[in-house]
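Everything below concerns the one structure shown next.
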């Protein structure tokens, strides 16, 4: 399997883990490929794994992503919103909707 094909497969595993909110899978992926979050941030993804996990309301997964790469929070989608933008994610029950004290800034 070529290097790029292996990266694509790993990125697909990451996307599936984000959709399902499988934090243990995320940790395993990061062990196998420590640079994957840098690649997805730099590529032409419309939605990063952070966007996907946030829209699905997987708060633990979101925290794990940000613990490993805080820069993902600054990546904008095609609407120019970050994954932590309260507009779409409050509507869908994302992480901010689950916070008892309202949206919180993650530094």
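The values are calculated or read from the model by the stated rules, or taken from the named source; none is laboratory data. Owing to the predicted nature of the structure, the values given are computational and were not obtained by experimental measurement. Positions of Cβ are backbone-derived with ideal geometry, glycine not excepted, and every protein chain shown enters the neighbour counts.
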**OP:** Filter the helices (runs of 4 or more DSSP H) completely within region 13-74 down to those with at least 3 residues that are more than 19 Å from residue 85 (Cα to Cα).
**Re:** 23-32, 36-42
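Only one of 107, 64 is within 18 Å of residue 11 (Cα to Cα) and either surrounded by fewer than 19 Cβ atoms within 10 Å (Cβ to Cβ) or at pLDDT 90 or above (or both). Can you tell me which? Outline the logic, then answer.
Values: 107 fails: within 18 Å of residue 11 (Cα to Cα).
Only one candidate passes the filter, namely 64.
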